[in-house]
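Structure first, commentary second.
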Amino acid sequence: MLRTRLNEALKQAMLAKNQRAVSTVRLILAALKDRDIAARSRGVTDGIDEAEILSMLQTMIKQRGESIKLYEQGGRLELAEQEREEITIIEGFLPKQMSEEEVAAAVKTVVDEIGATCIKDMGKVMAELKVRYAGQMDFAKVSGAVKQQLSAC
């Protein structure tokens, strides 16, 4: 479904002559094609699943965020603004982001269901959160919430 949305977005951007949207969606589709090709070596012939696509989009947003910082430090404000525009376009394909309260509740639920008690269970908890909530939360920030829920053993 997300693949269809991306292709439709490309067509709409081309019709609207929105160059920034066209180039950004093309970048997304190129990255998606690269991931699909890489997945073939794992035996996945119909392309990566929705969760992996959402993860890829979040990675793209993170990369652009890092670029913005570097451009601003270098005084290249026009390039930083381009990156912000790309982030806005990419975010349009992600589901609504969860609030801090929703993230805390999701973490608590997963910790309880898995029976995680120690910090050594953090990997299991994070993996389950990524499966259930792909694209809905920033997992770099979520790790702090998971650490708070788990005790050191």
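Has segment 79-93 got any residue that is touching a residue at least 24 places away in the same chain (Cβ under 8 Å) and out of contact with any Lys or Arg (no Cβ under 8 Å at 6 or more places or on another chain)? Yes, there is a match, as at least one residue in segment 79-93 is touching a residue at least 24 places away in the same chain (Cβ under 8 Å) and out of contact with any Lys or Arg (no Cβ under 8 Å at 6 or more places or on another chain). Close contacts from segment 116-132, counting a first residue that is free of Cβ contacts under 8 Å to residues at least 60 places away in the same chain and a second that is surrounded by 12 or more Cβ atoms within 10 Å (Cβ to Cβ) and hydroxyl-bearing (Ser, Thr, Tyr), with Cβ to Cβ under 7 Å and a gap of 6+ residues or different chains, come to 126/143. Count of segment 24-48 residues, restricted to those that are touching a residue at least 12 places away in the same chain (Cβ under 8 Å) and loosely packed, with under 15 Cβ neighbours inside 10 Å, is 2. Kindly indicate whether any position in segment 2-18 is closer than 14 Å to residue 85 by Cβ and not in a loop (DSSP other than H, G, I, E, B). Checking segment 2-18: at least one residue is closer than 14 Å to residue 85 by Cβ and not in a loop (DSSP other than H, G, I, E, B). Restricting attention to segment 99-115, the residues being out of contact with any Asp or Glu (no Cβ under 9 Å at 6 or more places or on another chain) and more than 14 Å from residue 143 (Cα to Cα) number 5.
Every number here is computed from the coordinates shown, using simple stated rules; none is lab data. Keep in mind that this is a model prediction, so the values were computed, not measured. Neighbour counts are summed over all protein chains in view; Cβ atoms, including those assigned to glycine, are modelled from backbone coordinates with ideal geometry.
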